[in-house]
Amino acid sequence: MPDKSYNNWLSMSDDALAKQIGVFIKHNRLEQNKTQDKVAEDAGISRSTLSLLERGETVTLSTLIQVLRVLDQLQVMDAFEVRNRISPLALAKAEKEQRKRARNTKINDTETSTW
């Protein structure tokens, strides 16, 4: 039996994805028992703009971020984190070039100590 919590994001249309984002926003707003008016005011947007977002209509990215912030849902931004990864070959090369031993440093015979 397939996992019902899994969504195949690749097969969804842009409209379906926008509607899913709207469902997420509305769900979290209702879970926090906040009205559209309160969330919109806290986010600095109009209630009609929030309504558009919840219906999956077109809103700006800035609006989405403001609403996520108000709903304390910015953890979704973790999906956009870029982590620099080193390739196995580059790692092996760096380890090979890493110093393995200390060298004795000798004073040249031509240099004289001031002692």
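The values are calculated or read from the model by the stated rules, or taken from the named source; none is laboratory data. These numbers come from a predicted model, not from an experiment. Please note: Cβ atoms are built from the backbone with ideal geometry, for glycine as well, and neighbour counts cover all protein chains shown.
Tabulated values for the structure
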| quantity | calculated |
| --- | --- |
| Restricting the stretch 28-41 to residues that are closer than 17 Å to residue 57 by Cβ and not aliphatic (A, V, I, L, M), the residue that is surrounded by the fewest Cβ atoms within 10 Å (Cβ to Cβ) | 36 |
| Residue under evaluation residue 28, criteria (1) of a type in the set (S, T, N, Q); (2) under 17 Å from the mean Cα position of the chain (by Cα); (3) modelled with pLDDT of 95 or more, criterion not met | (2) |
| Identity of the residue in the stretch 64-102, within 12 Å of residue 28 (Cβ to Cβ) and polar (S, T, N, Q), that ends up surrounded by the most Cβ atoms within 10 Å (Cβ to Cβ) | 73 |
